[in-house]
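Input: a single structure, listed below in structure tokens.
The values are calculated or read from the model by the stated rules, or taken from the named source; none is laboratory data. Just so it is clear, the structure is predicted and the values come from calculations on it, not from any experiment. When we count neighbours, we look across all protein chains shown, and the Cβ atoms used for this are built from the backbone with ideal geometry, even at glycine. To get the accessible areas, we keep the full protein, side chains included, count just its heavy atoms, and leave off ligands, DNA and RNA. Shrake-Rupley method; radii C 1.70, N 1.55, O 1.52, S 1.80 Å.
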Amino acid sequence: MEQLVAPPHTPASDRPRPPHLLPHSVEQQVPDAPRRSRRTRRMPAVTVLLAAGALALSACGAGPSAGGNDDGKNNGAAAVNSSDAKIKLPSKDGATDAGINDVSVKVTGGKLTEVKLTEADSGKVVAGAISSDGASWKPGVQLERGTKYRIVAKAKDAKGRAATENASFFTVSSANSFIGSYTPDNGKTVGVGMPVSFKFDKAITNKKDVQSHITVTSSSGQKVVGHWFGTQRLDFRPEDYWKAGSKVTMKIDLDGVKGGQGITGVQSKTVSFAIGRSQVSTVDMNTQTMTVKRDGKTLKNVPISGGSPENPTYNGQMVISEKLEQTRMDGSTVGFDKQNTYDIPDVPHAMRLSDSGTFLHGNYWGSPSIFGNSGTSHGCVGLQDNQGGGGDTPGKWFFNESLIGDVVVVKNSDEQTIKPDNGLNGWNLSWTDWQAGSAA
């Protein structure tokens with residue numbers, strides 16, 4: 001049976017970015033004054049002194065009136081008495097494309113005493129904390145996209161001299177940023193065939209920089225390479241299936257990375273997942289049997305009913321990408337006409353093998369005699385089961401014994417090999433072809 005494919009998750013829309021207000025210029029052009037005669041007038045000395053005194057009082061810059069104690073050295077009190085604490089803010093004042101993750105404040109030559117980050121419109125304070133050594137501050141939450149923030153940071157050096165920095169900036173807007181939905185999730189245990197797969201919400205043209213800021217490593221030491229499918233999908237896998245029992249770590253460092261004209265990444269995260277035992281199941285369409293092997297040893301031979309001669313099942317290596325205790329399958333959603341379609345509201349123990357609707361699932365409506373003997377489905381692989389999923393059935397057994405990321409290999413079908421981007425099925429590309437799709 002086949003089912004309508006749900007669109008990949010994309011982040012919800014964020015608030016639109018308010019227009020950035022640029023400071024008006026205060027510079028004015030003074031028209032040329034009329035020429036005077038070259039005769040000069042002598043000014044009384046006292047007048048000159050008074051004028052000079054007024055100029056000194058009104059001037060900006062160093063001096064006792066600017067703060068600090070003037071010790072008279074080097075003719076520059078500001079240079080001598082300024083704080084050694086140098087504060088580095090996460091964004092320049094007036095920035096319109098600030099990241100939403102890397103917003104830490106840092107200081108050298110002193111310690112931070114106070115940092116206040118607020119949403120400019122609402123005045124809401126963003127919670128954060130200064131590190132124990134006083135050298136940095138980080139917010140406790142991720143910032144919103146397309147939002148104006150104000151930040152004020154204060155510090156003191158070893159002599160108690162204060163320093164302050166402040167800025168206003170806009171975070172990158174939803175329209176001008178990109179984000180990637182990825183699988184698997186952090187902390188999951190998956191099968192040996194599970195690739196790391198990113199789906200970006202916007203087309204990526206700067207593929208090299210984006211790929212180079214996503215690193216995937218395995219505790220097994222296997223070499224991991226990325227492969228682009230078009231401009232919005234990037235998958236990572238080793239040459240062979242992951243080693244059972246290994247740990248895979250993915251580091252996403254896309255915050256501030258340019259993905260193309262006018263779009264900037266906003267993700268910064270480290271994700272890890274575990275590889276479970278090795279389970280690879282082989283479906284032979286000639287015998288209508290599935291052989292389930294775990295860690296290289298045969299666990300069970302299960303009778304199946306594959307695709308009919310009119311609707312054969314794809315050949316190739318397919319990865320279980322989703323498990324559903326029960327689901328509706330409607331053939332009209334994947335292109336079957338009214339005469340050949342189906343609509344079953346309660347298909348039990350369904351495991352997705354492709355984006356186009358190929359499943360390995362329980363079948364309670366077929367005669368028991370079809371399993372192990374004939375292909376009757378619209379392209380799926382069916383296992384004998386009960387309506388409602390109860391009882392001790394082959395469908396329930398295989399569902400309970402399977403992990404997302406397990407591999408199902410179909411052979412001897414009259415259909416073509418499944419395309420590598422139809423589901424998580426990049427294993428159908430040779431290692432040479434896989435590496436050729438890398439931009440790094």
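Which of the three applies to segment 128-198, rounded, prolate or oblate, going by the alpha-carbon gyration tensor with a ≥ b ≥ c and a/c under 1.5 meaning rounded? Because a/c hits 1.5 or more and a/b fails to exceed b/c, segment 128-198 counts as oblate. For segment 315-440, the equivalent ellipsoid derived from the Cα gyration tensor has semi-axes of 27, 17, 14 Å, listed largest first. With a cap of 16 neighbouring Cβ atoms within 10 Å, and only residues DSSP puts in a loop, list the chymotrypsin sites (Phe, Trp or Tyr not before Pro) found in segment 358-426. Sparse-neighbourhood loop chymotrypsin sites (Phe, Trp or Tyr not before Pro): TRP365.
With protein chains left intact and a 1.4 Å probe, residues in segment 327-440 average 42 Å² of accessible area per residue.
Net charge of the neighbourhood of ALA135, taken over other residues with C-beta under 12 Å away and scored Lys/Arg +1, Asp/Glu -1, is +4.
Where in segment 413-428 is the amide nitrogen less than 14 Å from a point lying 7 Å along the Cα-to-Cβ axis of PHE229? What the label zone holds, given the 14 Å backbone N cut-off, is 418-428. Solvent-accessible area per residue in segment 226-288 equals 38 Å², computed with a 1.4 angstrom probe and all protein chains kept. With semi-axes defined as the square roots of five times the eigenvalues of the C-alpha gyration tensor, the equivalent ellipsoid of segment 198-249 measures 24, 10, 9 Å, largest first.
Enclosing the Cα atoms of segment 238-278 in their convex hull gives a volume equal to 80 cubic angstrom per residue. Seen from ARG294, the other residues with C-beta closer than 12 Å to its C-beta sum to a net charge of +1, counting Lys and Arg as +1 and Asp and Glu as -1. Segment 163-299 has equivalent-ellipsoid semi-axes of 38, 17, 12 Å, by the square roots of 5 times the alpha carbon gyration tensor eigenvalues, sorted largest first.
Mean separation of Cα pairs under 8 Å and 6 or more residues apart, divided by the residue count, gives segment 99-178 a relative contact order of 33 percent.
FRET efficiency for SER356 and LYS92, Cβ-Cβ distance as r, R0 = 45 Å, nearest 0.05?
0.40
The Cβ shell under 14 Å around ASN186 holds other residues with a net charge of +3, Lys and Arg each +1, Asp and Glu each -1. According to the Cα-based calculation, Rg over Rh for segment 366-414 is 0.97, with Rh computed by the Kirkwood formula. Full extension of the chain segment joining LYS251 with ARG294 gains 12.5 nm, where the gain is 0.36 nm per residue of separation less the Cα-Cα distance.
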